[in-house]
Ligand SMILES: NC(=O)c1ccc[n+]([C@@H]2O[C@H](COP(=O)([O-])OP(=O)(O)OC[C@H]3O[C@@H](n4cnc5c(N)ncnc54)[C@H](OP(=O)(O)O)[C@@H]3O)[C@@H](O)[C@H]2O)c1
């Protein structure tokens, strides 16, 4: 079982990825993102999840430099945006992200959304970057089983990670089983359903029993299910609170109670319907 904020899962290529990280979607470029990332690092986070489309890679890079942490201690993820899909444009997008971050390699580079017809050639660009040692691991985001099956048939390297919407209202059990079978690590985005789950009565009841917050219960549930989690906050007290999940363990019964809250309900787009950036 995961015991600390620094604990890692070993991806199928042997690279160690922290189970817990900070997400920075909708965090403003400049002081807001700089503060969030610096607080996270100060409180022991080792993993930061950004993306080209979040438009805050420069601030993430600045925060990393200002925090004074050794680059090798950190795990930095970014993603190629939909409008950059394609072989050459992905290679270019990767260079732009690295330059903005001010880094000379990434730990994980993801295809942000599958779209319809370009993700195979986009993946081939990620394979090239991986083989050249520009990125330590490559993966996908928002891939359904059918996207993964197609990718596996048409690629040399299996994705190491699939980052998808995942929380107690969307437990993605079939996708999770498929990923486990293929050795692909599942990673949860919007683990708190952007705050929508925090007043759920079952979760409130469980949280009181453990003397923890609802956010902590959900994030602990992620970890006990073997799912990497990257909650976002711009508030130092919440950044600290969210990561304080290593001093308790949910019982099997409570895990099942939380699993049973599933209603296949999304806060974001269904990957089959996502068109932004692809038009
Ligand atoms: N691959 C993808 O397509 C994709 C899509 C969406 C997100 N992501 C990644 O996943 C990360 C997390 O997802 P998310 O940002 O959408 O949502 P989230 O982490 O589920 O929720 C963030 C929201 O919850 C609030 N919050 C955080 N901790 C809290 C706490 N302890 N108590 C009460 N409220 C709390 C935050 O407000 P404050 O900031 O005001 O504290 C914010 O409004 C993103 O930042 C991004 O890195 C990826």
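The values are calculated or read from the model by the stated rules, or taken from the named source; none is laboratory data. Predicted model, so just to flag it, every value in this text is computed and none were measured. Please note: Cβ atoms are built from the backbone with ideal geometry, for glycine as well, and neighbour counts cover all protein chains shown.
In the range 152-168, the qualifying residues are those that are closer than 22 Å to residue 230 by Cβ and touching a helix residue (DSSP H, G or I) at 6+ places or on another chain (Cβ under 6 Å), and the one that is nearest to the ligand (Cβ to nearest atom) is 167. Among residues of the range 182-206 being assigned to a loop (DSSP other than H, G, I, E, B) and free of Cβ contacts under 8 Å to residues at least 24 places away in the same chain, the one that is nearest to the ligand (Cβ to nearest atom) is 198. The set of residues in the range 37-83 that are within 24 Å of residue 4 (Cβ to Cβ), away from the ligand (no atom under 15 Å from the Cβ) and out of contact with any helix residue (DSSP H, G or I) (no Cβ under 8 Å at 6 or more places or on another chain) comprises 44, 68, 70, 72, 73. Restricting attention to the range 16-34 and to residues that are buried (at least 18 other Cβ atoms within 10 Å of the Cβ) and farther than 14 Å from residue 243 by Cβ, the residue that is nearest to the ligand (Cβ to nearest atom) turns out to be 24. Among the numbered conditions (1) outside any loop (DSSP other than H, G, I, E, B); (2) out of contact with any helix residue (DSSP H, G or I) (no Cβ under 9 Å at 6 or more places or on another chain); (3) without any contact (Cβ under 8 Å) to a residue 12 or more places away in the chain, the only one that residue 107 does not meet is (3). When every residue of the range 171-181 is checked against the conditions, at least one turns out to be within 15 Å of the ligand (Cβ to nearest atom) and surrounded by fewer than 20 Cβ atoms within 10 Å (Cβ to Cβ). Taken together, the residues in the range 208-242 that are near the ligand (Cβ under 6 Å from one of its atoms) and either part of a helix (DSSP H, G or I) or in contact with a strand residue (DSSP E or B) (Cβ under 7 Å, 6 or more places away or on another chain) (or both) amount to 7.
Of all the criteria given as (1) farther than 14 Å from residue 15 by Cβ; (2) modelled with pLDDT of 95 or more; (3) not in a strand (DSSP E or B), the one not satisfied by residue 140 is (3). Looking only at residues of the range 243-261 that are within 16 Å of the ligand (Cβ to nearest atom) and closer than 20 Å to residue 172 by Cα, we find that the one that is surrounded by the fewest Cβ atoms within 10 Å (Cβ to Cβ) is 261.
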